[in-house]
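Colleague: Okay, here's the structure, questions in a sec.
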Amino acid sequence: MGSAVCDDSEQIWTRLTAANSRRGPDAHNQVTVQLPSATVRLGAHVLHLRGPHTQPQPMVSETTGDVLCWNGEVFAGLDIGSSNDGALLLQEIERQKTLDPQHYILQTFSRIEGPYAFVYLDRAQNHLWFARDYLGRRSLLSRKLGARGLLISSVADRVDEQNSWIELPAQVIYRVDLASAEPDPFAFVEYPWHYARTDLHADGGSPLTMPFGCVNQEISSGALLASGDGPQTRQLSDLAELPDAADWQPYVDRLEHELTAAISARVSSIPANSGNARVGLLFSGGVDCITIAALLTRILPPSEPIELFNVAFENPRQAKQQQPTYAVPDRKTGVQGWRELQLLDPRRDWRFVEVDVPYAQAQAHMPHIRQLLVPADTVMDMSIALAIWFASRGRGTLVGAGGSAEYVGRARVLLLGMGADEQLGGYSRHRSAWDAGGWPRLGQEIALDVRRIALRNLGRDDRVVSDNGKEARFPFLAAGVVDFLCDTPLNYKMDMRYPRGVGEKLLLRLLARRLGLVQASMLAKRAIQFGARTAKMESGQTRGQDAL
């Protein structure tokens, strides 16, 4: 998706068109609108995942001539049925415009739930509206060309040494007055989102209220024991041995309900794929992805295959230690998790795909992946992006009882576990916070991480996955899941008095155990760049936060 208000050469537009075309291979069009004070050019590339037919974009209103570029999914707030959500969204925007000509965009987007980025041109009012969803699950970048123009795109046109591309902050809807006489003709008017159950509506009753509040940092009286106190410090061989398991059950029930609803909403409308898999997962065997898989198999028809993409890299530093090339930690836990899923649902065709990436191949694709990272530019960004890009590409070896064979993934929707660690205490910094200050310090760290979800890496991950003509969907970031977890007392989501591999994300581990995932429920968290061994592929002293 891209738009431009500028008089620059065709070169930038051509590069943006090429960069965005990989994201949407099914249809492409562009529209140029001449306004009294500006020329607006809008282009869109479509990945068809909703409705019976591919919906061309940009979409132009037959009544007003307004133009919508839509990169998203409406999972709640509008009755989509089996139709295309973009077309129905345009109709809803037009309806709201007749009711409230000034705030119709705010009224429309305050009602819908799902990941999105959009650009909307109001021809009559000379306004350009644009935004990402309030959690930042879709990429949207902007670049100002001095007083000459404005670029908005899902992905940058090239690596930008001047850092002129910026990732538009989420939790804000933006408007540009194209007829403005201000010195900066492309100054952004901002309409911020607010958390539910707060009194932060300083702008006089904005309709932009997120469907969840701030993190509840309260704990129950039984959790007031200091670090190191109580029976929880002993080792457990099975979460069934948890002393206070009965107290957790209502919360496990609710998480199962909300997560099931989130997964169902994210897969139910995917078009049939000629007998091939419609859904896949980036699969390390960790508790986040395997719990999604275990709930997914309850939702999809038994005849449908599910693709599990497990990535491993040849790392020269590890080769010096004479270790098998692709026997990385995530491969071992991935195979273990795949076998657990086979036992859980033996009817299902679980397609475990080993994506093995030789060092030379990783090096050859780094320049392209670096372009996708823009404006992100650290060593850690590259380590993570390498793993996600190759896994989502889905080219590898299908492993089965009859041996192995070359395989190319068919699923165009990939479910990812992003958001679980921030909300459920999965990072090592959460245990460090507990060690430093017990429950109060841990609560502060969780609240900070949840607030930063919209500011961090989801735009980057969208750019990386979508480059392969796939769409990433995040069940842990569904509004219902986030609302439930924000409202749940801290000590019924995690308990750092238990050892590593138990205390982090304990609520999710208990759900995994209920589903029959005994081994996976007690696996410790491992970052993807270490699990797939994309970190520290080169010799030297580079750190994750160093610039590329």
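The values are calculated or read from the model by the stated rules, or taken from the named source; none is laboratory data. What you see is a predicted model, and the numbers here were worked out from it, not measured in a lab. Cβ coordinates were reconstructed from backbone atoms using ideal geometry, including for glycine residues, and neighbour counts include every protein chain displayed. Protein only, heavy atoms only, side chains kept; ligands, DNA and RNA dropped before computing areas. Shrake-Rupley method; radii C 1.70, N 1.55, O 1.52, S 1.80 Å.
Colleague: Being open to solvent by 30 Å² or more (accessible area, probe 1.4 Å) and either among the charged types (D, E, K, R) or under 20 Å from Ala124 (Cα atoms) (or both) is the filter here; which residues of segment 67-96 pass it?
Modeller: Scanning segment 67-96 gives Asp79, Gln91, Glu94, Arg95.
Colleague: Considering only segment 378-405, how many residues are in a helix (DSSP H, G or I), open to solvent by 10 Å² or more (accessible area, probe 1.4 Å) and among the β-branched types (Val, Ile, Thr)?
Modeller: So the count comes out to 2.
Colleague: So, in segment 273-314, exactly how many residues are over 20 Å from Ser466 (Cα atoms), in a loop (DSSP other than H, G, I, E, B) and not polar (S, T, N, Q)?
Modeller: Adding up the residues that qualify gives 9.
Colleague: For segment 26-45, state whether one or more residues are in contact with a His (Cβ under 8 Å, 6 or more places away or on another chain), over 20 Å from Leu141 (Cβ atoms) and of a type outside the set (D, E, K, R). Reasoning before the result, please.
Modeller: Taking segment 26-45 first, the residues in contact with a His (Cβ under 8 Å, 6 or more places away or on another chain) are 26-28, 43-45.
If we keep only those that are over 20 Å from Leu141 (Cβ atoms) as well, we get 26-27.
Cutting the leftovers down to of a type outside the set (D, E, K, R) gives us 27.
Yes, there is a match, as at least one residue in segment 26-45 is in contact with a His (Cβ under 8 Å, 6 or more places away or on another chain), over 20 Å from Leu141 (Cβ atoms) and of a type outside the set (D, E, K, R).
Colleague: Got a number for residues in segment 106-136 being over 21 Å from Val31 (Cα atoms) and either buried (at least 19 other Cβ atoms within 10 Å of the Cβ) or not basic (Lys, Arg) (or both)?
Modeller: Within segment 106-136, the subset over 21 Å from Val31 (Cα atoms) is 106-115, 132-136.
Now narrow it down to the ones that are either buried (at least 19 other Cβ atoms within 10 Å of the Cβ) or not basic (Lys, Arg) (or both): 106-110, 112-115, 132-136.
Total meeting the criteria: 14.
Colleague: So which residues in segment 382-398 are closer than 17 Å to Arg412 by Cβ and touching a helix residue (DSSP H, G or I) at 6+ places or on another chain (Cβ under 6 Å), if there are any at all?
Modeller: Those that are closer than 17 Å to Arg412 by Cβ and touching a helix residue (DSSP H, G or I) at 6+ places or on another chain (Cβ under 6 Å): Ile388, Trp389, Ser392.
Colleague: Also, quick follow-up: Among what's in segment 217-248 and is more than 22 Å from Pro499 (Cβ to Cβ) and at pLDDT 85 or above, pick the residue that is most open to solvent (accessible area, probe 1.4 Å). First the steps, then the outcome.
Modeller: We begin by selecting, within segment 217-248, every residue more than 22 Å from Pro499 (Cβ to Cβ); these are 217-218, 221.
Checking the rest, the ones that are also at pLDDT 85 or above come to 217-218.
Numbers: Gln217: 86, Glu218: 129 Å².
The qualifying residue most open to solvent (accessible area, probe 1.4 Å) is Glu218.
Colleague: Which one of Thr54, Thr39 is hydroxyl-bearing (Ser, Thr, Tyr), farther than 20 Å from Val413 by Cβ and open to solvent by 30 Å² or more (accessible area, probe 1.4 Å)? First the steps, then the outcome.
Modeller: Numbers: Thr54 fails: farther than 20 Å from Val413 by Cβ.
Thr39 is the lone residue from the list that is hydroxyl-bearing (Ser, Thr, Tyr), farther than 20 Å from Val413 by Cβ and open to solvent by 30 Å² or more (accessible area, probe 1.4 Å).
Residue-wise test of (1) modelled with pLDDT of 95 or more; (2) within 30 Å of Arg266 (Cα to Cα).
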site: Gln96; (1), (2): yes, yes
site: Thr108; (1), (2): yes, yes
site: Arg123; (1), (2): yes, no
site: Arg138; (1), (2): yes, yes
site: Lys144; (1), (2): no, no
site: Leu168; (1), (2): yes, yes
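Colleague: For segment 461-543, which helices (runs of 4 or more DSSP H) that fit wholly inside it have 3 or more residues that are open to solvent by 10 Å² or more (accessible area, probe 1.4 Å) and at pLDDT 95 or above?
Modeller: On the way: elements: 479-487, 506-514, 528-531.
Per the criteria, 479-487, 506-514.
Colleague: Could you tell me whether Arg138 is within 22 Å of Ala262 (Cβ to Cβ) and touching a Phe, Trp or Tyr at 6+ places or on another chain (Cβ under 8 Å)?
Modeller: Numbers: within 22 Å of Ala262 (Cβ to Cβ): yes; touching a Phe, Trp or Tyr at 6+ places or on another chain (Cβ under 8 Å): yes.
Taking the combined requirement at face value, the residue satisfies it.
Colleague: While we're looking at this one, here's another question. Do you know which residues across segment 253-300 are within 22 Å of Leu523 (Cβ to Cβ), aliphatic (A, V, I, L, M) and touching a strand residue (DSSP E or B) at 6+ places or on another chain (Cβ under 6 Å)?
Modeller: Leu281, Leu282, Ile292, Ala293 - these are the residues of segment 253-300 that are within 22 Å of Leu523 (Cβ to Cβ), aliphatic (A, V, I, L, M) and touching a strand residue (DSSP E or B) at 6+ places or on another chain (Cβ under 6 Å).
Colleague: Among the residues in segment 302-319, are any within 29 Å of Ala478 (Cβ to Cβ), open to solvent by 10 Å² or more (accessible area, probe 1.4 Å) and of a type in the set (Phe, Trp, Tyr)?
Modeller: No - not one qualifying residue is present in segment 302-319.
Colleague: Could you look through segment 382-416, keep only residues that are without any contact (Cβ under 8 Å) to a residue 40 or more places away in the chain and among the hydrophobic types (A, V, I, L, M, F, W, C), and pick out the one that is nearest to Val464 (Cα to Cα)?
Modeller: Per the criteria, the residue is Val408.
Colleague: Could we say that Pro346 is under 30 Å from Ala18 (Cα atoms) and either among the aliphatic types (A, V, I, L, M) or open to solvent by 30 Å² or more (accessible area, probe 1.4 Å) (or both) here? If you could, list the steps in order and put the result at the bottom.
Modeller: Working: under 30 Å from Ala18 (Cα atoms): no; either among the aliphatic types (A, V, I, L, M) or open to solvent by 30 Å² or more (accessible area, probe 1.4 Å) (or both): yes.
Criteria not met by Pro346.
Colleague: If I ask for residues that are in contact with a Pro (Cβ under 9 Å, 6 or more places away or on another chain) and either in a strand (DSSP E or B) or among the hydroxyl-bearing types (Ser, Thr, Tyr) (or both), which ones from segment 135-148 would you list? Break it down stepwise before answering.
Modeller: Applying the first criterion (in contact with a Pro (Cβ under 9 Å, 6 or more places away or on another chain)) to segment 135-148 yields 135-138, 141, 147.
The one that is in contact with a Pro (Cβ under 9 Å, 6 or more places away or on another chain) and either in a strand (DSSP E or B) or among the hydroxyl-bearing types (Ser, Thr, Tyr) (or both): Leu141.
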